[in-house]
């Protein structure tokens, strides 16, 4: 069995949050998460501050994190264009640079102001710039289980796109249920087929689900062979650009409990998790 990778996603939890969280609070919360020992910490994004004002302080926040003290955790940021990519690869705290490639033409244009063809072309630049600077590219396949716009979708497209991205040199692909519409059967069948067909990459899953649906989707991804899971403490989060109500991230607490049952939980520092949980009311004020 391959090792489990846990990706904690405060960036996804914050990006659509209605209250601007102070920089100092973000630094304290992210520092606690760094101490916890996750594989990856999705900590911010280099995107337009007009589009995502919550992330306008990403560079400052990252500069204040003690990332060099916790090398087991790699910091990931999201970018949407060349300008953001240049900022990401220049920042010493960043190890992973993520990019959302949508299987929906409508969402690609809403999210990154690019067509799907332009987005796939941009990934060549993403791979080249990350490779040249010692960073690692991560591509999220957004709307990976369908979309709410009526755009054409078939599960086989996940494999076709995955094969093209593997050929471009992308080592990590994360299949994203951006608006929480996937059924557990769809999660299982799509992931199992993708993992079998597109080998030589790490397949992850970025699921959104109502609290009562989280366990079934997580179980489906696990049974399909997925061992990389995105989640957020408290289940906060959702995509603000989808044009539909936000659907929660998988709660990290539920993922931890699930993996404990499977006897597959990677080492985590409980004291740091408790510290981060104690900060949730500040990090996500009512």
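Where a number appears in this text, it was derived from the coordinates with a stated rule and is not lab data. In this text the structure is predicted, and so the values were computed from the model without any measurement.
Annotations
- In region 138-286, Cα pairs under 8 Å separated by at least six residues give a relative contact order of 20 percent.
- Structural descriptor for the chain: relative contact order 22 percent, calculated from alpha carbon pairs under 8 angstrom and at least 6 residues apart.
- Each of (i) 6, 26, 35, 23, 9, 1, 0; (ii) 7, 32, 40, 20, 1; (iii) 6, 22, 26, 21, 13, 7, 4, 2, 1, 0 is a candidate for P(r) over Cα pairs in 10 Å bins from 0, in percent; the one calculated from this structure is (ii).
- Region 47-205: relative contact order in percent, alpha carbon pairs under 8 Å with at least 6 residues between: 19 percent
- Added length on full extension, which subtracts the Cα-Cα distance from 0.36 nm per residue, residue 212 to residue 157: 16.9 nm
- The spacing between region 9-46 and region 130-151, judged by their C-alpha centroids, is 20 Å.
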